[in-house]
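One structure is given below, encoded as structure tokens.
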Amino acid sequence: MSHFSRFRCALRPLAWAAAVTCIATPAGVGAQTAAVLPDVTVRADQDGRLPLAPSAQRERQRLEQLPGGTNLIQPQQAARLATLRDALDYQPGIVLQDFFGATDQPRLSIRGSGIQSNPVNRGVVLLQDGLPLNEADGSFVIGTLEPRNAALVSARRGANTLTPSATTLGGELDFQSLTGADEPGVVRAEMGSFGRKALQGAFGLVGQQWDGRVSVSSDRFDGYRHHSASRRDALHANVGLQSGGVENRTYLSWTDLAFEIPNVVPKDRVRSDPQGVMGDGSTPQDKAINIYQRDPRRETQQLRLANRTRWGSDALRQEVGVYWQDTDDWFKDPAVSTRTDSTTFGAQWRADGQVGAGLQWHTALAWSRSTMDRTLNAVSPANGRDLQRFGAYDLTADNLQAQVGAHWQLAPAWSLVGQLGGSQQRRDATSRQTGQTLNQQWTFATPKLGLNWQLTPSTRLWANISRSQEAPTFWEIVTGAVPNPGNPATAVSGLTPLKLQRATTWELGGQGQWGTGNRATHWQLALYRSQVADEIMSVTDANGLSASTTNYAGGTRHQGIEAGLNGSFALGQGALDWRGSWTLSDFRFKDGIYAGNRIAGVPRHLINAEVLWRIATTSGTWRIGPNLRWMPRATPIDHANTAGSTQDSYALLGLQLQWQQGPWMAYLMAENLTDRRYASSFAIRNQATAAQPGYLPGVGRSVTVGMRYKF
């Protein structure tokens, strides 16, 4: 048993004890106080800020200085918060494609970055409270994110990043934790179709110069498809201290994630048997990739500690952050079992200052290192057990990064924003079995230049040009495959040298509002074009299993439109609250063997919309209305764009009903009301046929009910 496993066993009963405490508290308190006490938010200092606490107003002001597309998301306004889709839906420019519809690994992409990775684990820098959650090689396990713990999610798409660690085409997503004063106490519970169950308890305290919060959550899902059960248990805690002009906050998180993998099926089964897996039939394919016998799954445990300290004034403000995380990850596909034990250390320093009234500047340094022990075993076709070990690697990733930037107010309506980043990144790999070594190092710059024009007090237009660079992760560098899944003895592994993926991006856009007050309509529009060289592409074989990773020999082009609208208008005694987004992704090969073809992986059009009728009555505030998730055109699943090898178009209709009064909130969510049979995602190949296993059927009609009580 590893040191992490021993710690996890000791921590689990403590986590559940904390959950019982959090959940038991309101039973004794709420009955006496809920009817007479209004919601109260306590703040610790004179300008309304807790130490290093998230603030929607301050984050909005910070994003409005960036000359490009951003999103400010407040997840706590959503009813259900079990999955990333619950938190990030209806956001322009953020593409989420469900794998199995629970706490697993949805395919996340911004501007096509990382969409070619298998499993999906790179392309965007995930931040937890401003510090990287990615391992130093750029990879991440997206299922460890807990939306119920986030006060804000700040998405800085493409060039519009704020941390030196973010050099990729996709940008960064910053999940900012709730503090003790943001949510003094809450209990959430829900249940739904296909065995969905979730429970969360959180409790916060506030003192004169400190605050603290603990949150414990647990999710279970039997799964819509066969062999698709999942679970996640998580503990998140933070404590903030303030003394004079110094602010400090310490964070602890622990996640135990596990899910079965039903894997892909041929296209005809998406309609004929959407809940089935390979092994339900009697074809040679079913016998070769029998999911029940091979038992593919992923199990990840992660422990993370982080600390941030900030001091100074507007003339010069500095912040130092440090973090450590230990991750045990077991990813088993139908043919290969990969175990990775990694330890990551990182540090980040940033200084912000102001010269006069018109010039703001910043500079930052970041360092991170991950050491990984990765082993690969062949999987038994008969019972899914690990067979011979055919790969054992010592892996080390190092990053040293610097950044300088300035915001210059040229005139009352015009500002110029410039930023220059420099990075040195290393990926060293050694095979303990063969002695093969592959040490790679890249040194590069990522300049960015943008212009803001405040056309009117409520309308801002922008333009920017940027350079992005992305180094491969060890999921691309270390290869492992079983060419003949029926014969585990054919398993082979090796080390693949890869180049940086580089891109130059131009962006135009704007944001603003029509009208004033609560009835204003808010809009955002961004148009971008990225010329990409040496795009990193991973593809699967005829059975939908990971096969190879290469840099595409010709150039590629990513371009698109990211548009969002939301607003409200009066209707009778209430109002209609509405929001929607449209993300157009036009990605093509410019040269090479697939010149002119579409790059497989992302829907060309993705439209999300929701309308809720809100009405206040003596019994509480009610909201009811439909929602839509629409992919209006078919998407190729292979780079050759083979006829018939497409993810077909679909439209999913849903309905939401909410009731809220005082500290109580209850909801009902119905999804895929028409029980549409569709593919939610797919395995990417160079060339595919519809008869090959390659499609992931989406979840059918489902209903979820839940409640929330704040105390």
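The values are calculated or read from the model by the stated rules, or taken from the named source; none is laboratory data. All values derive from a computational prediction rather than experimental measurement. Please note: Cβ atoms are built from the backbone with ideal geometry, for glycine as well, and neighbour counts cover all protein chains shown.
Quick look at the numbers
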{"quantity": "Residue list for segment 52-75, restricted to those being surrounded by fewer than 17 Cβ atoms within 10 Å (Cβ to Cβ) and part of a helix (DSSP H, G or I)", "calculated": "A56, Q57, R58, R60, Q61, R62"}
{"quantity": "All positions within segment 244-272 that are surrounded by fewer than 17 Cβ atoms within 10 Å (Cβ to Cβ) and either touching a Phe, Trp or Tyr at 6+ places or on another chain (Cβ under 6 Å) or not in a strand (DSSP E or B) (or both)", "calculated": "G244, G245, V246, D268, R271, S272"}
{"quantity": "Pick from segment 501-535, criterion closer than 30 Å to A471 by Cβ and not in a strand (DSSP E or B), ranking: farthest from the chain's Cα centre (by Cα)", "calculated": "D534"}
{"quantity": "Scan of segment 190-225 for residues that are farther than 13 Å from G101 by Cα and part of a loop (DSSP other than H, G, I, E, B), ordered by number", "calculated": "G207, Q208, Q209"}
{"quantity": "Condition met for A234 (within 25 Å of the chain's Cα centre (by Cα), of a type in the set (G, A, S), in a strand (DSSP E or B) and farther than 26 Å from A181 by Cβ)", "calculated": "no"}
{"quantity": "Unmet requirement for T446, which otherwise passes all of (1) over 26 Å from D341 (Cβ atoms); (2) over 25 Å from the mean Cα position of the chain (by Cα); (3) of a type in the set (S, T, N, Q)", "calculated": "(2)"}
{"quantity": "Boolean, R49 is among the charged types (D, E, K, R), surrounded by fewer than 21 Cβ atoms within 10 Å (Cβ to Cβ), at pLDDT 90 or above and over 26 Å from R297 (Cα atoms)", "calculated": "no"}
{"quantity": "Cross-chain or 6+ apart pairs with Cβ under 6 Å, segment 323-334 first and under 24 Å from L305 (Cα atoms), then aliphatic (A, V, I, L, M) and in a strand (DSSP E or B)", "calculated": "Y323/L131; Y323/A306; W324/L305; D326/L303"}
{"quantity": "Residue match in segment 410-424 (condition: surrounded by 14 or more Cβ atoms within 10 Å (Cβ to Cβ), polar (S, T, N, Q) and either touching a His at 6+ places or on another chain (Cβ under 7 Å) or at positive phi (or both))", "calculated": "yes"}
{"quantity": "Answer residue from segment 455-473, given it is hydrophobic (A, V, I, L, M, F, W, C) and surrounded by fewer than 24 Cβ atoms within 10 Å (Cβ to Cβ) and is farthest from T340 (Cα to Cα) among those", "calculated": "L455"}
{"quantity": "Among residues of segment 99-125, those that are more than 12 Å from the chain's Cα centre (by Cα) and either of a type in the set (S, T, Y) or over 17 Å from S585 (Cα atoms) (or both), counted", "calculated": "8"}
{"quantity": "Exclusive hit being farther than 25 Å from G192 by Cβ, of a type in the set (S, T, Y) and more than 24 Å from the chain's Cα centre (by Cα), set T689, T635, T621", "calculated": "T689"}
{"quantity": "Hits in segment 126-158 (condition: under 16 Å from F345 (Cα atoms) and either over 10 Å from the mean Cα position of the chain (by Cα) or β-branched (V, I, T) (or both))", "calculated": "Q128, D129, G130, L131, P132, L133, N134, E135, A136, D137, G138, S139"}
{"quantity": "Among (1) within 30 Å of the chain's Cα centre (by Cα); (2) modelled with pLDDT under 95 - the single one Q354 does not satisfy", "calculated": "(1)"}
{"quantity": "Tally of residues being under 30 Å from S581 (Cα atoms), of a type in the set (V, I, T) and more than 23 Å from the chain's Cα centre (by Cα) across segment 547-571", "calculated": "1"}
{"quantity": "Qualifying residue in segment 333-345 (condition: touching a strand residue (DSSP E or B) at 6+ places or on another chain (Cβ under 6 Å), closer than 19 Å to V404 by Cβ, modelled with pLDDT of 95 or more and among the charged types (D, E, K, R))", "calculated": "no"}
{"quantity": "Matching residues, segment 643-665, being out of contact with any Gly (no Cβ under 7 Å at 6 or more places or on another chain) and of a type in the set (A, V, I, L, M, F, W, C)", "calculated": "A643, A651, L652, L653, L655, L657, W664, M665"}
{"quantity": "Single condition N597 does not satisfy, out of (1) of a type in the set (S, T, N, Q); (2) surrounded by fewer than 21 Cβ atoms within 10 Å (Cβ to Cβ); (3) modelled with pLDDT of 95 or more; (4) under 30 Å from H227 (Cβ atoms)", "calculated": "(4)"}
{"quantity": "Yes/no for R623 being of a type in the set (K, R), touching a Pro at 6+ places or on another chain (Cβ under 8 Å) and either within 22 Å of S117 (Cα to Cα) or in contact (Cβ under 8 Å) with a residue 40 or more places away in the chain (or both)", "calculated": "no"}
{"quantity": "Any strands (runs of 3 or more DSSP E) falling wholly within segment 537-605 and containing at least 2 residues that are among the aliphatic types (A, V, I, L, M) and touching a residue at least 12 places away in the same chain (Cβ under 8 Å)", "calculated": "556-571, 574-589"}
{"quantity": "Those residues of segment 206-243 which are acidic (D, E), farther than 30 Å from P51 by Cα and crowded, with 18+ Cβ neighbours inside 10 Å, in sequence order", "calculated": "D219"}
{"quantity": "Test: Q692 is crowded, with 21+ Cβ neighbours inside 10 Å, more than 24 Å from D86 (Cβ to Cβ) and either in contact with a His (Cβ under 8 Å, 6 or more places away or on another chain) or touching a residue at least 24 places away in the same chain (Cβ under 8 Å) (or both)", "calculated": "yes"}
{"quantity": "Pairs, first under 19 Å from Q65 (Cβ atoms) and in contact (Cβ under 8 Å) with a residue 12 or more places away in the chain in segment 142-155, second surrounded by fewer than 23 Cβ atoms within 10 Å (Cβ to Cβ) and charged (D, E, K, R), C-beta under 8 Å, six or more apart", "calculated": "L152/E59; S154/E59"}
{"quantity": "Flag for G201 being touching a residue at least 12 places away in the same chain (Cβ under 8 Å), crowded, with 23+ Cβ neighbours inside 10 Å and touching a strand residue (DSSP E or B) at 6+ places or on another chain (Cβ under 8 Å)", "calculated": "yes"}
{"quantity": "In segment 129-142, the residues that are surrounded by fewer than 24 Cβ atoms within 10 Å (Cβ to Cβ) and either under 21 Å from L449 (Cβ atoms) or not hydrophobic (A, V, I, L, M, F, W, C) (or both)", "calculated": "D129, G130"}
{"quantity": "Filter pass, G510 being out of contact with any strand residue (DSSP E or B) (no Cβ under 8 Å at 6 or more places or on another chain) and more than 29 Å from G694 (Cβ to Cβ)", "calculated": "no"}
{"quantity": "Any chance R385 is closer than 24 Å to N543 by Cα and without any contact (Cβ under 8 Å) to a residue 24 or more places away in the chain", "calculated": "yes"}
{"quantity": "Strands (runs of 3 or more DSSP E) contained in segment 620-711 and holding at least 1 residues farther than 19 Å from F99 by Cβ and at pLDDT 95 or above", "calculated": "620-631, 650-661, 664-671, 702-710"}
